[in-house]
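Working notes, beginning with the structure itself.
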């Protein structure tokens, strides 16, 4: 069954639910708050959501960095369409960090996304804001990088990704 977000406004929860369901339907293990080491282990980052497959030699007890046990296929940072672009924080941090993440011992490339939600009920939200302009601006911020910025209301790019085991 194909998952499609068709709401005029999509919340963070709508977006997470759609991405989890889509990943599972494609045969991936969907892991929230996936921890990776950056800068040769000097920093750690929790990625909001990843689509992964288990490595065949994965032991029952995991005492090494996550990427030694999992192969990542897609990473998702979930942000508001009005996320700020402050140097070394929020959006800028995702644009800089995500492309540096590589699978250990695998040549499989990782597709990186920042998926933007367009409405929130758990915090102050300006319902009259120009959501389309916000999304266009954030897509511009990512231009020239290997990170794709998605309008959370349109997940066609994610839907077109291959299923697990079919590169």
Round to the nearest 0.05 the FRET efficiency obtained for residue 136 and residue 107 when R0 = 45 Å and r is the Cβ-Cβ distance.
0.85
Expressed as a whole-number percentage, the relative contact order of the stretch 18-150 with C-alpha contacts under 8 angstrom and at least six residues apart is 19
Rounded to one decimal in nm, the spacing of the 7 Å Cα→Cβ label points at residue 64 and residue 39 is 2.5
Using only Cα atoms, find the angle between the long axis of helix 131-142 and the longest principal axis of the chain, and express it within 0 to 90 degrees, rounded to the nearest 10.
40
Added length on full extension, which subtracts the Cα-Cα distance from 0.36 nm per residue, residue 54 to residue 159:
35.7 nm
On alpha-carbon atoms, Rg over Rh for the chain using Kirkwood Rh?
0.97
For a quick check, take a GNM of the chain with Cα springs below 10 Å and name the residue from 63, 82, 130 with the largest mean-square fluctuation.
63
Between helix 12-25 and the chain, what is the angle of the helix's C-alpha long axis to the longest principal axis, kept within 0 to 90° and rounded to the nearest 10?
40
The simple spin-label model distance between residue 100 and residue 84, using points 7 Å out along Cα→Cβ, in nm, is 2.2
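Each value in this text was obtained by applying a stated rule to the coordinates, not by laboratory testing. Since we're looking at a predicted model, the values are computed, not measured. All Cβ positions, even for glycine, are placed from backbone atoms using ideal geometry, and neighbour counts span all protein chains on display.
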